[in-house]
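Novice: Following this message is one structure expressed as structure tokens.
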Amino acid sequence: MATELGPTPVKPASGTPEVHHGPKGVGEDNRILSQGKWASWLLAPTIVALGVVIVYPIISAIVMSFQKDAGLDPVTGLFTAGGPAGIQNYVNWLGQQCAAPGGGTVACPPGTLGGQFWTATGTTFLFTVITVAFETVLGFWMAMIMARTFKGRGLVRAAVLVPWAIPTAVTAQLWLFMFDFNGIINKLFNASILWTGSEWPAKWAVIIADTWKTTPFMALLILAGLQMIPAEVYEASKVDGASAWQRFRLITLPLVKPALMVAILFRTLDALRMFDLPYILTGGANNTTTLSILVINQIRQGFNSAAALSTITFLIIFLVAFIFVRFLGANVVEQSGATGKGKK
Amino acid sequence: MKTPRFLLPAATAGVLAISLTACGGGGGGGTTGGGSDAEANLDSRGPITYVQGKDNSNVVRPLIEKWNAAHPDEKVTFKEQTDQADQQHDDLVQNFQAKNADYDVASVDVVWTAEFAAKGWLQPLKDKMAVETEGMLEPTIEAGSYKGTLYAAPVSSDGGILYYRKDLVPEAPKTWAEMMEMCSIAKQNNIGCYSGQFKQYEGLTVNASEAINSAGGSVLNDEGKPNLNTPEAEEGLNNLVEAFKNGNIPAEAITYQEEESRRAFQEGKLLFLRNWPYVYNLATTEGSSQVKDVLGMAALPGKDGPGASSLGGHSAAISVYSDHKATALDFVKFLVEEEQQKFFATQGSLAPVLGALYEDQELVSKLPYLPVLKTSIENAVPRPVTPFYPAVTQAIQENAYAALKGEKPAKDALADMQKSIESAGAGS
């Protein structure tokens, strides 16, 4: 309401000196127009830059995804352009169909990338759900500790950040050494687990390494949320005789929720495009191939189906983000409404 | 009134983006204009660029300086790529696709040759552009050829070597069966018997192809079609599967790449190791090495004689988009001359492609593994020469890995490999 009222009182004020000019407000309109024109030209370089770096690659990928991959001319032994494919590339990925020797398609045999689409999707979501769950719980815990005042807090905060600051490829190499058969982890637990050589250990290796690396990120975002909560609220509740658990459940949790949801959204989107860790730890073996690994592997075999696959991946991540934001937005509104009512 | 003015710049941006799409579109199309490009600029001379992965042991720069001193009007500039093979491959693909005239001569891994040649990016080295291959080891020439035409001149080679413990095994095994018998010695000494590289990655393709080729099978037949449903191929892969099953290959070898297997051997945990020549230097000089004085080397064991190693190495290829192909050709010839080959071997420990150098006393005293390596390379089989190499190696890795882990019998794994490779070739 206030914003709508704003311009109305201003108008007569700015209009008064121009009363003797013929039709009222023409100069003003012109000024706004020329300002708008000026602004649009100032914005143009940015729009062009965005077009080149965002719109162009997306359009290009989508155009490519409707083309067939280059095929081999049996006589010359040279590649020839594949021509238009319609939605065949998409059908192939979703139905796990591969080209058959005599023409047409067959179900992809093991050893083709096409046969890995649904398992890769499943693996990607599995990693996402488990790592984000771990990171949220551990990150929350770390944030609660860091939010307190104690000696050496600065040091702890800096130390917590270290795993996040290391490049993922280096982290992965580090964990690869630790998960080595003769590595520190097997030595420490006196075990002989083939971490990167069998399915579940390999998956856990990826999950552990990812949790180790990104929990600090989660902790920092949650810490920011925790610091927004005024100390008086806690003091008041203490006076009212609330227990520590009640303070956490009824004050900390609801008030930190917006920051928490944003942190979870960021991490979820991040985890859905996980690449470096499994790529270096296992090379995608033992069912640790994520969608991103699949895309990269496919690029080397054929750009156009890779374009289709990356478009599918993009849509999947977009869908998750969309559901999240809708869910998150609705929830936040509901929450503030509920607390407002409660107070009244 | 307002909207059109606001839209104008946006529309400009849109049109620009779409026009960009038009020129970049079909980037993967691989339309082969090779025919006309391959005829152009054959006699033209001038400065050129040589593209290669990271020059770790400083061999390329001195050679280029030497060339530049002798050819002041046809100077070579060195474009250094990263040391990651995949990134080198992708960099070459991007520049060839863009028809970049600045990538005149490129160092090409043996497994990329067929792909690049089939895309029409490499100048066929025949007629006017021929390079003398007399004296080169036959498998290196094969690895640089596609459909019977040489596309890349072999510059360096590489082959597998069987390292063994001289203190425990008096004489190196000649055949796989002999080696498996000697595994009882390993058991008595409480160490693992044999290992290669069995993690699911390129190294597994190398090891699985070696097993198949050594048993008399082959991954692809002469027409480039998969040929895996054969008893020989089955026997080869089964050798590895059985060894895993009965413990002759320790279970942890399923996680080994080159370095892990080298460390296990150096720590005295293995009797036999299949690896590349680079291990020699480290195993004999590293302080922690337990095998310094007892390191033996032999050709890989085969069915009834030396086995068939997979071939590594790099070749020099001329881009069809080069503006100065006469200079490029001279530079390629310069790289394969005996003098330069010797420098590659002494300075960079790169195995030469000229057979005669393997008997050169000076070289052999410096690199004692050369005689063994020569046998290895002479018996080597290039990894499948096919433009679909990425798909073929994927098919081999995934299925061989499943077989080694005992998830499916070797026969089924080979049948799946066969189907996957057929499907890759059937593309479009």
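The values are calculated or read from the model by the stated rules, or taken from the named source; none is laboratory data. Predicted, not measured: the structure shown is a model, and the values here were computed from it. Positions of Cβ are backbone-derived with ideal geometry, glycine not excepted, and every protein chain shown enters the neighbour counts.
Novice: Yes or no: A:VAL160 modelled with pLDDT under 90, more than 25 Å from the chain's Cα centre (by Cα) and surrounded by 14 or more Cβ atoms within 10 Å (Cβ to Cβ)?
Specialist: no
Novice: Of the conditions (1) among the hydroxyl-bearing types (Ser, Thr, Tyr); (2) under 20 Å from A:THR282 (Cα atoms); (3) surrounded by fewer than 19 Cβ atoms within 10 Å (Cβ to Cβ), A:THR149 clears all except one; give me its number.
Specialist: Against the list (1) among the hydroxyl-bearing types (Ser, Thr, Tyr); (2) under 20 Å from A:THR282 (Cα atoms); (3) surrounded by fewer than 19 Cβ atoms within 10 Å (Cβ to Cβ), A:THR149 comes up short only on (2).
Novice: Here's a follow-up. Which pairs have Cβ atoms under 8 Å, sit 6 or more apart or on different chains, and link a residue in the range B:239-254 that is closer than 15 Å to B:ASN190 by Cα to one that is assigned to a helix (DSSP H, G or I) and among the aromatic types (Phe, Trp, Tyr)?
Specialist: B:ALA251/B:PHE244
Novice: So is A:VAL63 closer than 15 Å to A:ALA308 by Cβ and either facing chain B (nearest Cβ under 9 Å) or not in a strand (DSSP E or B) (or both) or not? Don't jump to the end; show me each part of the working.
Specialist: Working: closer than 15 Å to A:ALA308 by Cβ: yes; either facing chain B (nearest Cβ under 9 Å) or not in a strand (DSSP E or B) (or both): yes.
Yes: the conditions hold for A:VAL63.
Novice: Give me the pairs, please: first residue somewhere in the range A:89-114 and facing chain B (nearest Cβ under 10 Å), second residue anywhere and among the basic types (Lys, Arg), beta-carbon distance under 6 Å, and either six or more positions apart or on two chains.
Specialist: A:PRO109/B:LYS419
Novice: Please enumerate the residues belonging to the range A:66-88 that are more than 20 Å from A:GLY114 (Cβ to Cβ), facing chain B (nearest Cβ under 9 Å) and of a type outside the set (A, V, I, L, M).
Specialist: Passing the criteria: A:ASP73, A:THR76, A:GLY77, A:THR80.
Novice: Can you give me the number of residues within the range B:333-356 that are within 23 Å of B:ASN281 (Cβ to Cβ), in contact with a Leu (Cβ under 9 Å, 6 or more places away or on another chain) and surrounded by 17 or more Cβ atoms within 10 Å (Cβ to Cβ)?
Specialist: Result for the range B:333-356: 10.
Novice: Do any helices (runs of 4 or more DSSP H) entirely within the range A:184-247 hold 2 or more residues that are aliphatic (A, V, I, L, M) and either within 14 Å of chain B (Cβ to nearest Cβ) or within 34 Å of the chain's Cα centre (by Cα) (or both), and if so, which?
Specialist: Output list reads A:184-188, A:199-227, A:231-239.
Novice: Scanning the range B:203-234 for residues that are among the charged types (D, E, K, R) and surrounded by fewer than 19 Cβ atoms within 10 Å (Cβ to Cβ), which turns out farthest from B:GLY148 (Cα to Cα)?
Specialist: Checked the range B:203-234; the qualifying residue farthest from B:GLY148 (Cα to Cα) is B:GLU232.
Novice: So which of B:GLU407, B:GLU378, B:GLU359 is over 22 Å from B:VAL111 (Cα atoms), surrounded by fewer than 19 Cβ atoms within 10 Å (Cβ to Cβ) and more than 10 Å from chain A (Cβ to nearest Cβ)?
Specialist: Testing whether each residue is over 22 Å from B:VAL111 (Cα atoms), surrounded by fewer than 19 Cβ atoms within 10 Å (Cβ to Cβ) and more than 10 Å from chain A (Cβ to nearest Cβ) leaves just B:GLU359.
Novice: Quick check on my filter: what residues within the range B:293-303 are assigned to a loop (DSSP other than H, G, I, E, B) and within 26 Å of the chain's Cα centre (by Cα)?
Specialist: B:ALA299, B:LEU300, B:LYS303
Novice: Pairs needed: first member in the range B:383-397, free of Cβ contacts under 8 Å to residues at least 24 places away in the same chain; second member anywhere, crowded, with 24+ Cβ neighbours inside 10 Å; C-beta distance under 7 Å; at least 6 residues apart or different chains.
Specialist: Pairs that qualify, where the first residue is free of Cβ contacts under 8 Å to residues at least 24 places away in the same chain and the partner is crowded, with 24+ Cβ neighbours inside 10 Å: there are none.
Novice: Does A:SER305 meet the test of being modelled with pLDDT of 90 or more and exposed (fewer than 15 other Cβ atoms within 10 Å of the Cβ)?
Specialist: no
Novice: I've got another one for you. Give the residues of the range A:261-316 that are in a loop (DSSP other than H, G, I, E, B) and either basic (Lys, Arg) or within 14 Å of chain B (Cβ to nearest Cβ) (or both), sorted by residue number.
Specialist: Within the range A:261-316, A:ARG273, A:PHE275, A:THR282, A:GLY283, A:GLY284, A:ALA285, A:ASN286, A:ASN287, A:THR288, A:THR289, A:GLY302 qualify.
Novice: Restricting attention to the range B:258-292, and to residues there that are among the aliphatic types (A, V, I, L, M) and outside any helix (DSSP H, G or I), which single residue is nearest to the other protein chains (Cβ to nearest Cβ)?
Specialist: We begin by selecting, within the range B:258-292, every residue among the aliphatic types (A, V, I, L, M); these are B:264, B:270-271, B:273, B:279, B:282-283, B:291.
Among the residues that remain, those that are also outside any helix (DSSP H, G or I) are: B:270-271, B:273, B:291.
Working: B:LEU270: 12, B:LEU271: 17, B:LEU273: 15, B:VAL291: 16 Å.
My answer is B:LEU270.
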